[in-house]
Amino acid sequence: MSDCVPLKTSEQASPEYIIQTQEWIEALTKRSTALAGMSRLCKKILKGRAEDAAAMVGWLESVAPATAGLPDLEQSRVLLLDKWKSAASQEFLKIEADLREAGRARGWQIDGQWPDLYVERGILVHVDERARVASVGHSRLRSATVSAIVKALVVQVSTLIPRAFSPPGFIAELVGAYDEVSSGLGGQLAILDVYRVFVIRSQSSKFWRDAHASAFTPISVDQFRSRMARSLAAGATTAPDGRQLRLLPPLDPKDALFIHQPAEGRFAFVGRIEFVGEKRDASL
């Protein structure tokens, strides 16, 4: 049986009045339920992401319909919203400094100019100042807090350079891909064409027996860029057969990779690649 007890009315009571009262009670119950749910969400934000002022701004804006008819709560909401917006603005302005400090604490190299920073000379961190969101590599975050950015970076940085990475070995693999693209004729080639073949040549025989996702060895542009920068910094620019690596600017930046150039101490667009010089017997 229902716990709801019908209202006792006199013979003069209007049925319409009863219906309206029941509707009012239902509306009140819905509002109470909504407020309770919003309260739980707020507590979760404060407990898990107390520094995320942007999340609190969004939450306070979302509860406006629920507090519209409650003057005391609405007044407090407006005052709190103003304070959290101020905190969010200050928090956003500190992102670059806090991120660089977090990077130094972890031993990460951070280059570039705000709002585009390169971590470990491979991963692009871009902050959209208007939308106040950030992207880390190919991952778009829901907010632009330092904690969220660092959390994503911890995962991605660990995949940039393999433990057994060898700069001369990387150059040997690179010249192999270069020669395959050029059919052994040499010349200046588009770096993205060489990168594509580099990825293909990096796959194991197991993958080519069964091209399943679990057998695929991914080499992202960020990983390729970081490994190239590591090799250049180590002075590994000579192929096993004696040819020298040359990196050349692009005709169009859209067809290039942004790679750190240690000789210039800065990032530059690389659109073409070439190995020059006379070949010699690599076995000698």
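The values are calculated or read from the model by the stated rules, or taken from the named source; none is laboratory data. These figures come from a predicted structure and were not determined experimentally. Virtual Cβ from ideal backbone geometry, glycine too; neighbours counted across all protein chains shown. These accessible areas exclude ligands, DNA and RNA; they are computed on the full protein's heavy atoms, side chains included. Shrake-Rupley method; radii C 1.70, N 1.55, O 1.52, S 1.80 Å.
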Given (1) open to solvent by less than 40 Å² (accessible area, probe 1.4 Å); (2) at pLDDT 70 or above, identify the lone condition not met by ASP52. (2)
When region 135-147 is checked residue by residue, the ones that are under 24 Å from VAL57 (Cβ atoms), open to solvent by 40 Å² or more (accessible area, probe 1.4 Å) and touching a residue at least 60 places away in the same chain (Cβ under 8 Å) are SER147
Go through (1) out of contact with any Phe, Trp or Tyr (no Cβ under 8 Å at 6 or more places or on another chain); (2) aliphatic (A, V, I, L, M); (3) modelled with pLDDT of 90 or more and name the single condition LEU153 misses. (1)
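Quick one: would you say LEU245 is over 28 Å from the mean Cα position of the chain (by Cα) and open to solvent by less than 50 Å² (accessible area, probe 1.4 Å)? Quick ask: steps written out before the conclusion?
On the way: over 28 Å from the mean Cα position of the chain (by Cα): yes; open to solvent by less than 50 Å² (accessible area, probe 1.4 Å): yes.
Judged against the criteria, LEU245 is a match.
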Scan (1) surrounded by fewer than 19 Cβ atoms within 10 Å (Cβ to Cβ); (2) acidic (Asp, Glu); (3) over 15 Å from ALA177 (Cβ atoms) for the single condition ASP222 breaks and write down its number. (1)
What residue, of VAL125, VAL175, VAL150, is open to solvent by less than 20 Å² (accessible area, probe 1.4 Å), on the phi < 0 side of the Ramachandran plot and in contact with a Leu (Cβ under 7 Å, 6 or more places away or on another chain)? VAL125
Among the strands (runs of 3 or more DSSP E) lying completely within region 107-159, list those that include at least 2 residues that are under 15 Å from SER226 (Cα atoms) and under 13 Å from the mean Cα position of the chain (by Cα). 116-119, 123-128
Answer yes if at least one residue in region 267-277 is under 20 Å from GLU180 (Cα atoms), open to solvent by less than 30 Å² (accessible area, probe 1.4 Å) and either without any contact (Cβ under 8 Å) to a residue 12 or more places away in the chain or in contact with a His (Cβ under 8 Å, 6 or more places away or on another chain) (or both), and no otherwise. no
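Could we say that TYR118 is within 21 Å of THR238 (Cα to Cα) and either exposed (fewer than 15 other Cβ atoms within 10 Å of the Cβ) or in contact (Cβ under 8 Å) with a residue 40 or more places away in the chain (or both) here? Walk me through how you get there before you give the answer.
On the way: within 21 Å of THR238 (Cα to Cα): no; either exposed (fewer than 15 other Cβ atoms within 10 Å of the Cβ) or in contact (Cβ under 8 Å) with a residue 40 or more places away in the chain (or both): yes.
Considered against the rule, which asks whether it is within 21 Å of THR238 (Cα to Cα) and either exposed (fewer than 15 other Cβ atoms within 10 Å of the Cβ) or in contact (Cβ under 8 Å) with a residue 40 or more places away in the chain (or both), TYR118 comes out as no.
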Of (1) closer than 20 Å to ASP222 by Cα; (2) without any contact (Cβ under 8 Å) to a residue 40 or more places away in the chain; (3) assigned to a helix (DSSP H, G or I), ALA87 satisfies every one except (1)
